[in-house]
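The values are calculated or read from the model by the stated rules, or taken from the named source; none is laboratory data. Please read these numbers as outputs of a predicted model, since none were measured by experiment. Cβ placement follows ideal geometry from the backbone for every residue including glycine, while neighbour counts extend to all protein chains displayed. For the accessible areas, the whole protein counts, side chains as well, though only heavy atoms, and no ligand, DNA or RNA atoms are used. Shrake-Rupley method; radii C 1.70, N 1.55, O 1.52, S 1.80 Å.
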Amino acid sequence: VLQRLECPSDLWFVVVTPVFEAPTKEMRAALPTSISMQAHIENTGACGELLLGIVQGNVQDVGHGLSSDTIVEPARAPLIPGFSAVKEAAIAAGAYGCTISGAGPTSVAVVGSKEEGRAVLAAMKGAFQDQGNLEIQYADVVKVCNEGAKAV
């Protein structure tokens, strides 16, 4: 059964893409071929928190759930120069969570407003530049789209 989930109205994403090649094939190869039961339990809990945050409209839970990956992010983070500093900077600047988007190198943080996002954006860009020695290809604060897929 498919059911449409309305995202919280105050759910914003800070998206920062550095100039860096992160081929999906290489990023997939970095993933573990097996995981511990503990890691599976922790990731399942994080997924539950993320979904519950969406259902209940709690942006903090969405951010924390998104930021609590114990399997994929720890394997890929070392391959993206400066990512750990980017995540720390995002949280310190007020983000509710931060992670790698897809295979990377894009990082995404969760904030509650465009205004909050501006400070997080500056912190994330600075961390990529200062700690990762990477230039920025794209950076913005964007609102989630509730329309879903549509034909154009």
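Numbers at a glance
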quantity	calculated
Criterion violated by VAL62 - all others in (1) in a helix (DSSP H, G or I); (2) touching a strand residue (DSSP E or B) at 6+ places or on another chain (Cβ under 6 Å); (3) open to solvent by 60 Å² or more (accessible area, probe 1.4 Å) satisfied	(3)
Some residue of the range 5-22 being assigned to a helix (DSSP H, G or I) and surrounded by 13 or more Cβ atoms within 10 Å (Cβ to Cβ)	no
The listed residue being within 15 Å of the chain's Cα centre (by Cα) and charged (D, E, K, R), out of LYS87, LYS114	LYS87
Failed item in (1) farther than 21 Å from PRO8 by Cα; (2) among the small types (Gly, Ala, Ser); (3) open to solvent by less than 40 Å² (accessible area, probe 1.4 Å); (4) part of a helix (DSSP H, G or I), with SER84 passing the rest	(3)
Flag for LYS125 being touching a Lys or Arg at 6+ places or on another chain (Cβ under 9 Å) and either open to solvent by 20 Å² or more (accessible area, probe 1.4 Å) or closer than 11 Å to VAL86 by Cβ (or both)	no
Of the criteria (1) open to solvent by less than 30 Å² (accessible area, probe 1.4 Å); (2) in a helix (DSSP H, G or I), which one LEU134 fails	(2)
Residues located in the range 31-43, provided they are assigned to a loop (DSSP other than H, G, I, E, B) and either open to solvent by 60 Å² or more (accessible area, probe 1.4 Å) or farther than 26 Å from PRO18 by Cα (or both)	PRO32, THR33, SER34, ILE35, SER36
Where ASP69 falls short, out of the listed (1) of a type in the set (D, E, K, R); (2) open to solvent by less than 50 Å² (accessible area, probe 1.4 Å); (3) farther than 22 Å from ALA123 by Cβ	(3)
Number of positions in the range 105-122 that are of a type in the set (Gly, Ala, Ser), open to solvent by 20 Å² or more (accessible area, probe 1.4 Å) and in a loop (DSSP other than H, G, I, E, B)	1
Residue in the range 89-101 that is more than 20 Å from LEU11 (Cβ to Cβ), surrounded by 23 or more Cβ atoms within 10 Å (Cβ to Cβ) and at pLDDT 95 or above present	yes
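The rows are residues; the columns are (1) free of Cβ contacts under 8 Å to residues at least 24 places away in the same chain; (2) over 26 Å from VAL19 (Cβ atoms).
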residue: GLY45; (1), (2): yes, yes
residue: ILE71; (1), (2): no, yes
residue: GLY97; (1), (2): no, no
residue: VAL111; (1), (2): no, no
residue: GLU115; (1), (2): yes, yes
residue: VAL120; (1), (2): no, no
residue: ASP140; (1), (2): no, no
